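Everything below concerns the one structure shown next.
Read the figures in this text as sums done on the coordinates, not as results from a lab. Just so we're clear, the structure is a prediction, and the values are computed from it rather than from any experiment. Glycine also receives a Cβ, built like all others from the backbone with ideal geometry; neighbour counts cover every protein chain displayed.
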Amino acid sequence: MIQIAFTGGGSGGHIYPGLAVVLCLRQQGPCRIFWIGSCTGMDRAVVEEGGIEFFGIPSGKLRRYFSFRNFLDGFKVLAGFFAARKILKREKPDLLFSKGGFVSVPPCIAAASLNIPLCTHESDLSPGLATRINTRFVQKIFTAYEDTAAFFPKRYKSRIRLTGNPVRPEFQKADAARGRAFLGIKEGERILLVLGGSQGAREINELVRSCLGELTKPYVVVHQTGQNTAWDLAPSERYRPYPYFKEEMPQVIAASELVLGRSGAGTIWECAALGRPMVLVPLSGSGTRGDQVENARFFERAGAAAVLLGEGVSPRSLAETVLSIAENDEKRAAMARASAKIGAIDGAAAIVREMMSLLEEKTNG
């Protein structure tokens, strides 16, 4: 039986796309899959909930800037390498697949030291630091965007495969009627879905608070405020706050007419899988490497999203942008078509084909 190890974590954006690949792999036939992730944080709970065997290792954060914590985390990375190497040597997987995040670096280096074939997937338009490190050791690099190839050295060109982003199948099969039933919103009412991630997004929350009266004129506003966010706006017929959507998320997105949120790769591709037009307020500034801005601009150029950024972000600009889309059926339909065109790419299936090809090369080699 084929054995495949997965690694990655630190956030849902590094785990959920990996789970989509796992589901696709399992449809190919019997195989054993296990996951190497951080022994702290959300990794174990999310992975084991997906029915996948999990091994935890120490992990240290990779930072592009000077910090004394880099010194301490260096020891964690080293400990993670030895822990991952021990696991891989014992379990003997045929292949290691990395979904990125700082926890993925030690297992990738460990796999290379054991001559285990490995591949990695980058969800964002520009590769993160972990992916840049891991690409030194991998045989194949999977990208969501064609433009991502330009960020890698030319010597890696032959390793790069354009696959799109993997999206869990429940998003492709989501039912709008079930979403409306869950929300208690009748057919005919238009829905604006506001997503700020599991922890919420303070900027988006405050923007919505400041222009809620305008937003609720055309829409019932369904607002994921964040599960750790203290929120004091009371629900009403036109405003429905929720701390966090879990298994209901695909149905809720399917029920929405327009989605307002950040531009993390996972969320925007899940919305695209359902053909939803978007208004994106990407995370930007000194605390980010700019990946959300790049993702948002790609969807904007494709015609699938409107983007508010920097000085252009205000309650007034948000309300004007949402209302302009709400009032223009032709524009909204064109955005939906552009979104669906991006989301039509079956990223998980493309990745699995490449993984099987790599395993075949190993067998024949």
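When you restrict to C-alpha pairs under 8 Å that are six or more residues apart and normalise by the size of region 113-201, the relative contact order lands at 21 percent.
In the calculated pair-distance distribution of region 1-151, the portion above 17 angstrom amounts to 59 percent of the Cα-Cα pairs. Listed from fewest to most Cβ neighbours within 10 Å, the set 307, 194 follows the order 307, 194. Each peptide in 147-159, 36-48 receives the mean, over its residues, of other Cβ atoms within 10 Å, and ordering these scores from highest gives 36-48, 147-159.
Each Cα pair under 8 Å and six or more residues apart adds its separation to the average, and for region 216-365 the resulting relative contact order is 20 percent. Past the 27 Å Cα-Cα mark, which pairs from 99/341; 217/341; 99/246; 173/362; 186/246; 99/173? From the list (99/341; 217/341; 99/246; 173/362; 186/246; 99/173), the Cα-Cα distance tops 27 Å for 217/341; 173/362.
Under the convention that each Lys and Arg Cβ holds +1 and each Asp and Glu Cβ holds -1, the size of the dipole of the chain around its Cα centre is about 1260 debye.
Between 258, 282, 98, the Cα set farthest toward the positive side of the dipole of the chain (charges on each charged residue's Cβ, about the Cα centre) is that of 98.
Show me the ranking of peptides 327-340, 84-97 by mean Cβ neighbours inside 10 Å, starting with the highest.
84-97, 327-340
For residue 357, what charge total do you get from the other residues with a beta carbon under 11 Å from its beta carbon, if Lys and Arg give +1 and Asp and Glu give -1? Charge balance in the 11 Å sphere: +1. Between the alpha-carbon centres of region 118-158 and region 1-59 there is a gap of 20 Å. Given in Å, the Rg to one decimal and the Dmax to the nearest whole number for the Cα atoms of region 170-343 are 14.6, 43. Listed by chain and number, the aspartates and glutamates whose alpha-carbon sits under 18 Å from that of residue 76, ignoring those within fewer than 8 places in the same chain, are 43. Listed from fewest to most Cβ neighbours within 10 Å, the set 123, 357 follows the order 357, 123. Put in order of Cβ neighbour count within 10 Å, fewest first, the listed residues 7, 120, 288, 216 become 288, 216, 120, 7.
The stretch between residue 237 and residue 323, if pulled fully straight at 0.36 nm per residue, gains 29.0 nm over its current Cα-Cα span.
The separation of region 79-107 from region 213-264, counted between C-alpha centres, amounts to 38 Å. Each Cα pair under 8 Å and six or more residues apart adds its sequence gap; the mean of these over the residue count of the chain is a relative contact order of 15 percent.
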